[in-house]
Amino acid sequence: MNYKTKLHHLTTFAFDVDGVLTDGSVMLVPDAEPVRTFNVKDAFALQKAVKAGYRLAIITGGSSEAVKERLLGLGVQDVWLRASDKADSMDELMHRYDLKASEIMYMGDDLPDLAAMAMAGLSACPHDAATEVRQEADYISPMAGGKGCARDIIEQTLRLHGKWNQPELRNW
């Protein structure tokens, strides 16, 4: 089935963090938590999806409370940190909201994401994802991790559903 057909059924976006919402770089600063950068275009799209009524979830192996706070501040409803088995988190997400696989898009970039991707109705990845992930993805964004790949899939979905350019959803 064409990935665009799968976009019709989506109600929920789930993302990994490092390599998807960030470019995977981590700046190490003495006596501080590692520093990551997020793309504001991705952040805008995450907020827009929330305002349009979509559910957003983050499933990451990382443990940064600062990352969690940032994402919750954008309106993300569910954040799983230290997710050593991302399939467990996906299962919990599905049961918590009584979701069918067809309603969920999961975007990941590396081997730990494969099980969660397999559970989603639509699996996606940035163009610089690991080879094995690109081979399994229904959709490979032309954007790199941390460079707009989350916005890409959100924008496509909201445009298809007629919710991208609504005046009431244009502002932060």
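Read the figures in this text as sums done on the coordinates, not as results from a lab. If you're wondering where the values come from, they're calculated on a predicted model, not measured in any experiment. Reconstructed Cβ throughout: ideal geometry from the backbone, glycine too, with neighbour counts over all protein chains shown.
Summing charges over neighbours of R96, with a neighbour being any other residue whose Cβ is under 14 Å away from its Cβ, gives -4 when K and R count +1 and D and E count -1. Counting beta carbons within 10 Å around each of E69, E103 and listing the fewest first gives the order E69, E103. Placing a label point 7 Å from the Cα of Y97 along the Cα-to-Cβ line, the residues of segment 20-54 whose backbone N sits under 12 Å from it are 49-54. Each principal axis of the Cα cloud of the chain was taken in turn, and the coordinate range along them, longest first, works out to 47, 36, 32 Å. Pairs exceeding 20 Å between alpha-carbon atoms, taken from K4/K163; K41/K147; K51/K100; K6/K163; K48/K147: K51/K100. What separates the Cα centres of segment 119-172 and segment 51-86 is a distance of 16 Å.
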